[in-house]
1. Using per-residue counts of other Cβ atoms within 10 Å, averaged over each peptide, order 293-299, 459-465, 338-344, 246-252 from highest down.
2. Rounded if a/c is under 1.5, else prolate if a/b is larger than b/c, else oblate: which is the stretch 357-437, with a ≥ b ≥ c the root eigenvalues of its Cα gyration tensor?
3. Taking Cα centroids, how far is the stretch 328-404 from the stretch 148-180 in Å?
4. Going by a ≥ b ≥ c, the root eigenvalues of the Cα gyration tensor, does the stretch 85-189 fall in the rounded group (a/c under 1.5), the prolate group (a/b larger than b/c) or the oblate group?
5. State, to one decimal in nm, how far the label point of M1 lies from the label point of E522, with both points 7 Å from Cα in the Cβ direction.
6. Using R₀ = 56 Å, calculate the FRET efficiency as 1/(1 + (r/R₀)^6) where r is the Cβ-Cβ separation of S250 and K79; round to 0.05.
7. Kirkwood hydrodynamic radius for the stretch 295-431: how many Å is it when counted over pairs of different Cα atoms?
8. Put +1 on the Cβ of each Lys and Arg and -1 on the Cβ of each Asp and Glu in the chain; which of F249, G55, G400 then has its Cα farthest toward the positive end of the dipole?
Amino acid sequence: MGWNLISPLVRCIFMYKQEDDKREHCLRILDQLAQLCNPKELFLGLLEQIEQTSGEQVCQTVMLLLQPLQTVLLKLQNKKAYSVGLSLAMIMNQLSPLPVPYTKQQIEEDKLGLCQCCNAVVDFAKPFVNEVVKNIEKSSEYNDVELKEELIKFCMRSLKYPLLTAQLEQLEGIEEHPFRHFATEIIDILWNIGELIPLVFVHHKGKSPHWENQEFADIEQKNSADSLASLSYLVFVQHFGVECFPVVFSPSYLLLCNMTHIEMLLKRTEESVLSKGLDLFESCLLRMEDNSLLHHYLEFRDFINVPQDLVKIMTLCPMEHMRKKSLNILQLLIDKFDTEGKYTLFRCLLKTSNHAGVEGYIIKNIKDQIHLALTEYDNIWFTGHHLISLLDLVLSLPEGAETDLLQNSDRIMASLNLLRYLVIKDCESDNQTGIWTTLGKIEQNFLKPLRVGLNMSKAHYEAEIKNKKENRKEAQSSNTICSVTVSGEKMPAMTTGMQLQVLHSALFTFDLIESVLARVEELIEVKTKAVMDENS
């Protein structure tokens, strides 16, 4: 009768208040059922009750039934590993739809009881962990791997939910952070059963189940990738279990091991997950000395993809602190590469970023590397023919004279400043950078089209300003006359005054570009004339 009694008993327990004697009687009956009934049937009854619960009662029901479920499982003789695995999977499946508390207030309130429940589930699993550990200690060739595999699955599920999205930083005023405690317990389980280091350093541990349906196979692979990325974050950023690791791995090897995880995390849009990717990348880079990351690493796909993901975050992420952090990390990555690595990375980002601000930033970095090459140490990558090849990318306009100069102003200003630096710093007699031998090409492909484009743009904007002013005089008042739509949403309408302000701002940008362009042309003319005078 045990199976049939579970459901009414649970209903009664939730019906009575905490201090009611009848509630205590029901709890004692539940305990007796666990001791006396057929363990196999009661196991199915308990699982059925957990499966049927939903909403706000999930955590309460799970915590209520964990103790009798553990008692029943410990009494099972056959298929214990399967039953333990089924129990843990059922519990985690029921918990996973619940929102993970993120802020300090949410964690302290623990409205649905998730924080408390997660740690109760770990306590529930401990006898089975101890059983595996004892069997491993008894025999160096531990053959009964089924229970161990089920515990690994539980840990992997826990790493994905709730730990991948949980806030794991130390919070002031919370003495024992529930999710940090939960993470510590999960890492301890993996260490005790001998799986922590293999999981951290082997991307695909063991045999993944064979799915005839490719969709199921893809889901399994994604879940595993999420879990392993979460594990790397716990170990390398939060330092859970790091005392267990042998200190023999080079910083570049640790970065290589983590790049797959970093790439996966940076592709996510949730702040809690994206921030973990940035933290993991930063942590790996900070372990390295500047100029120590060999250019060969760029042959790995992840080392090309991750900088491009950083650029997407820098330019598209709505959260300002994330954009700033990704920019800082990109600079950190640039600093860690050797000279050839920097050169290759610059070429890649100039070709793929499609963002004038990012291109301007990369060009500024190129200028810094040329300065080092000319003043501190020789290197072949930022002087001579390699540099000229790079300058072909830098000193050019995407659509010639028709290029949108306003849209590309950051890139154009950075390019002009670089050219001005080269003309001033590198004498024509030395020509270390090779700039003087390719000056004709630069003038043809960059300076002349830029001059034509500036004249066209200024004339166009000046005509627009004139039209706006005339329209303003004709209108009775400067009421809104222009609307702007962004991503399908209509923005507040612009007055004529606002439009004029935007047009004058554009003209100011053109004047700024023109002043630097004039200075570059003047420097080239002066230096060229000086050399001609010397030769004559």
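1. 338-344, 293-299, 459-465, 246-252
2. prolate
3. Between the Cα centre of the stretch 328-404 and that of the stretch 148-180, the gap is 42 Å.
4. Note, shape of the stretch 85-189 comes out prolate.
5. Rounded to a tenth, the inter-label distance reads 10.3 nm.
6. The formula returns an efficiency of 0.80 here.
7. After inverting the pairwise mean of 1/r, the radius is 15.8 Å.
8. The Cα lying farthest towards the positive end belongs to G55.
The values are calculated or read from the model by the stated rules, or taken from the named source; none is laboratory data. Every value quoted in this text rests on a predicted model; they were computed, and no experiment measured them. Ideal geometry is used to build each Cβ from the backbone, glycine not excepted, and the neighbour counts take in all protein chains shown. To get the accessible areas, we keep the full protein, side chains included, count just its heavy atoms, and leave off ligands, DNA and RNA. Shrake-Rupley method; radii C 1.70, N 1.55, O 1.52, S 1.80 Å.
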